[in-house]
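*Asks:* First the structure, which I've put down as structure tokens, then a few questions once you've had a look.
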Amino acid sequence: GLVKTFPLMKGAAFKRRVGSVHAVDGVDLDIRRGETLALVGESGSGKSTALFEIMGMAAPEGGTVELLGTSVAALTKRQVKQVRGRVQIVFQDPMASLDPRMTVGDIIGEPLRAQGADRAATARRVPELLRQVGLEAAHAERFPHEFSGGQRQRIGIARALSVEPDLLVLDEPVSALDVSVQAGVLNLLQGLKARLGLAYLFVSHDLSVVRNIADRVSVVYLGRTVEAGEVAEVFERPRHPYTQALLSAVPLPDPAAERRRTPVLLTGDPPSPTVRHTGCRFRGRCPVYAVLDGGERQVCETEAPALRPHAEDHVAACHFPRARDVIAG
Ligand code: SF4
Ligand code: MG
């Protein structure tokens, strides 16, 4: 069964390893300081479900989720509070996640206040946080509607940074923004990560962004990892047909290379995650399954494929993991 682990506080190991997301059959994806692990999939692929399970905000569909080395079900209130302080979330839509009736200063200071900081200490910290995200101290007196989308996302980031977390969960942090302002926010995030020694769990459906920002990637389908590993390795040698299809939908900068490549096409939308599955969950949309003969198909219909290693830092869950040149021009 599926086991996701996130041992945030495993003593000495914590110094280097901020978290470990998702262990299936002994495969761990570590998030290290200064690194970004991306969780990718199309919308409806269960990225948020996987995220909520990892964060202990929803019961896992199968197996157990661990936080602080303890099963989420057994966490004490105090342990939950410790985790909340070390992990902060930045949401996709900054307007929906910022209270329009609060000043920016109050919004940014709120997590600090919730941790018991007094008004004076909070007021001292807010200008510094605003400058860290490229805004001005005077902005503390204003309200969210007075800012652009990109600025509002910077406010959300400042708020998340206020309690000095170790891990930032970035849930589609730039997908609600104009393309012209996305790069500014992504650069800011890269700089903050290096300067503050943060680690990121970056949830996104945008593979071009993931390629630029992530060190490692976990491709999610219906809330489960189907392929994972180092970004360059997975993007250059994808083994799972779902990853291949996602990658072949990313336009290539060179139009001649674009014409030469063979697209891997998916049919249909992801089924409801509540549907019970036997065998491979991807079967109904799988272009490889579609061309298998009856004898070969049987294993896809009866056995859920486990994640198996294909390279040093590369695993995929498919019974027919064919290498395909989907992005090379
Ligand atoms: Fe497709 Fe079968 Fe691989 Fe699933 S196990 S992705 S159905 S080929
Ligand atoms: Mg989502």
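The values are calculated or read from the model by the stated rules, or taken from the named source; none is laboratory data. Everything numeric here is computed off the predicted structure, so don't read it as measured data. Virtual Cβ from ideal backbone geometry, glycine too; neighbours counted across all protein chains shown.
*Asks:* Only one of (1) in contact (Cβ under 8 Å) with a residue 12 or more places away in the chain; (2) more than 26 Å from ALA199 (Cα to Cα) fails for GLY149. Which number is that?
*Replies:* (2)
*Asks:* Another question, then. Give me a count of the residues in the range 199-221 that are within 16 Å of ligand 1 (Cβ to nearest atom) and surrounded by fewer than 22 Cβ atoms within 10 Å (Cβ to Cβ).
*Replies:* Number satisfying all stated conditions: 0.
*Asks:* Of the residues that make up the range 78-92, is at least one assigned to a helix (DSSP H, G or I) and at pLDDT 90 or above? Steps first, please.
*Replies:* If we filter the range 78-92 for residues that are assigned to a helix (DSSP H, G or I), which is where we start, we get 78-86.
After this cut, where a residue has to be at pLDDT 90 or above as well, the list is none.
No; the residues of the range 78-92 include none that is assigned to a helix (DSSP H, G or I) and at pLDDT 90 or above.
*Asks:* Then there's this: Would you point out the residue of the range 288-308, among those that are within 18 Å of ALA228 (Cβ to Cβ) and in contact (Cβ under 8 Å) with a residue 24 or more places away in the chain, that is surrounded by the most Cβ atoms within 10 Å (Cβ to Cβ)? Break it down stepwise before answering.
*Replies:* Here is the first cut: in the range 288-308, the ones within 18 Å of ALA228 (Cβ to Cβ) are 304-308.
From what is left, the residues that are in contact (Cβ under 8 Å) with a residue 24 or more places away in the chain are 304-307.
Numbers: ALA304: 14, PRO305: 19, ALA306: 14, LEU307: 22.
If we take residues in the range 288-308 being within 18 Å of ALA228 (Cβ to Cβ) and in contact (Cβ under 8 Å) with a residue 24 or more places away in the chain, then LEU307 is surrounded by the most Cβ atoms within 10 Å (Cβ to Cβ).
*Asks:* What's the total number of residues in the range 273-287 that are assigned to a loop (DSSP other than H, G, I, E, B), surrounded by fewer than 19 Cβ atoms within 10 Å (Cβ to Cβ) and not charged (D, E, K, R)? Let's see the steps before the verdict.
*Replies:* So the first thing to find is which residues in the range 273-287 are assigned to a loop (DSSP other than H, G, I, E, B), and the list is 273-282, 286.
Filter again for surrounded by fewer than 19 Cβ atoms within 10 Å (Cβ to Cβ), leaving 273-279.
Pick out the ones that are also not charged (D, E, K, R) and you get 273-275, 277-279.
Number of matching residues: 6.
*Asks:* Pick from the range 111-124 the residues that are assigned to a helix (DSSP H, G or I) and buried (at least 16 other Cβ atoms within 10 Å of the Cβ): which of them is modelled with the highest pLDDT? Give the derivation first.
*Replies:* In the first step, residues of the range 111-124 are kept if they are assigned to a helix (DSSP H, G or I); the result is 111-114, 119-124.
Next, only the ones that are buried (at least 16 other Cβ atoms within 10 Å of the Cβ) stay: 111-112, 122.
On the way: PRO111: 91, LEU112: 93, THR122: 96.
This residue is THR122.
*Asks:* Sticking with this one: What are the pairs with Cβ atoms under 8 angstrom where one residue, in the range 198-217, is free of Cβ contacts under 8 Å to residues at least 60 places away in the same chain and the other, located anywhere, is in a helix (DSSP H, G or I) and crowded, with 18+ Cβ neighbours inside 10 Å? Sequence gap at least six, or different chains.
*Replies:* Pairs found: VAL209/GLN182; VAL209/LEU186; ARG211/VAL231; ARG211/PHE235; ASN212/LEU186.
*Asks:* What are the pairs, 6+ residues apart or on separate chains, where a residue within the range 168-181 that is in contact (Cβ under 8 Å) with a residue 24 or more places away in the chain has its Cβ under 7 Å from a residue that is away from ligand 2 (no atom under 12 Å from the Cβ) and among the charged types (D, E, K, R)?
*Replies:* Close Cβ pairs satisfying both conditions: SER175/ASP206.
*Asks:* Take the residues in the range 222-247 that are touching a residue at least 40 places away in the same chain (Cβ under 8 Å), surrounded by fewer than 19 Cβ atoms within 10 Å (Cβ to Cβ) and closer than 17 Å to ASP206 by Cα; name whichever of them is nearest to ligand 2 (Cβ to nearest atom).
*Replies:* GLU230
*Asks:* Among helices (runs of 4 or more DSSP H) lying entirely in the range 162-272, which contain 1 or more residues that are assigned by TED's automatic domain parsing to the domain that holds ALA316, under 19 Å from PRO287 (Cβ atoms) and of a type in the set (Gly, Ala, Ser)?
*Replies:* Numbers: elements: 179-196, 207-213, 231-236, 241-248, 255-260.
Answer list for the range 162-272: 241-248.
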